[in-house]
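Below you'll find the structure, written out as structure tokens, and then a few comments.
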Ligand SMILES: C[S@@+](CC[C@H](N)C(=O)[O-])C[C@H]1O[C@@H](n2cnc3c(N)ncnc32)[C@H](O)[C@@H]1O
């Protein structure tokens, strides 16, 4: 991750945002698209499996799947505020001993991480400029299931994201959103022998689970 992107992530996903997201999760549970992804993964069966959750934020996927019977989970997160929120919540829910965290850019850390049975990226692809590296390196680490939530590449979604980027620019916030072509994401995933098992759209998002 270049320095600009590092800083942009820490600014966008800061302690205030992390505290709000954690409060929301404690009061209402996971957000809608995260719930869809969780349900699709549970339908495939998660008991006894291992998880790598990339850009997991406050760790909703980690906590919910650990409660559902994962043997262990690893979170890789570029925001230090999100990472510490996830660790706090793991302690509160009593599964801190089954959850490990790494702080940094997944594409830099990937070579040091073990292969896991499940890999998830929930609304992460849209926060990173180098989609091919992110998808290539993450799909390679999923031995059973690969779950994604990322924006649909329709004209109106592109327009909405362009307006959001304009607001970031006007506020001098260096963070930017990216819409990567669905066909390009799918093509990379397919080269890893992963096939679609679940697909659903929800507003701007598409939720996909692939399996081997
Ligand atoms: C929109 S948030 C989504 C958080 C959570 N998955 C959710 O759906 O609530 C995107 C997350 O991806 C993380 N992220 C973006 N690029 C990353 C990278 N290259 N490596 C690790 N984390 C990354 C950000 O720090 C942020 O926590």
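Per-structure values
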{"item": "Helices (runs of 4 or more DSSP H) (entirely within the stretch 50-138) containing at least 3 residues that are free of Cβ contacts under 8 Å to residues at least 40 places away in the same chain", "result": "60-67, 80-93"}
{"item": "Subset of the stretch 1-28 (residues that are more than 10 Å from the ligand (Cβ to nearest atom), surrounded by 13 or more Cβ atoms within 10 Å (Cβ to Cβ) and not in a helix (DSSP H, G or I))", "result": "14"}
{"item": "Residue 184 in a helix (DSSP H, G or I) and either touching a residue at least 60 places away in the same chain (Cβ under 8 Å) or closer than 20 Å to residue 54 by Cα (or both)", "result": "yes"}
{"item": "Residue within the stretch 117-138 that is more than 15 Å from the ligand (Cβ to nearest atom) and more than 25 Å from residue 36 (Cβ to Cβ) present", "result": "no"}
{"item": "Looking only at the stretch 97-111, and only at residues there that are more than 13 Å from the ligand (Cβ to nearest atom) and surrounded by fewer than 20 Cβ atoms within 10 Å (Cβ to Cβ), the one that is farthest from residue 43 (Cα to Cα)", "result": "111"}
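Computed from the coordinates by the stated procedures, all read-outs in this text should not be read as laboratory data. For clarity, every value in this text was computed on a predicted model and none was experimentally measured. Cβ coordinates were reconstructed from backbone atoms using ideal geometry, including for glycine residues, and neighbour counts include every protein chain displayed.
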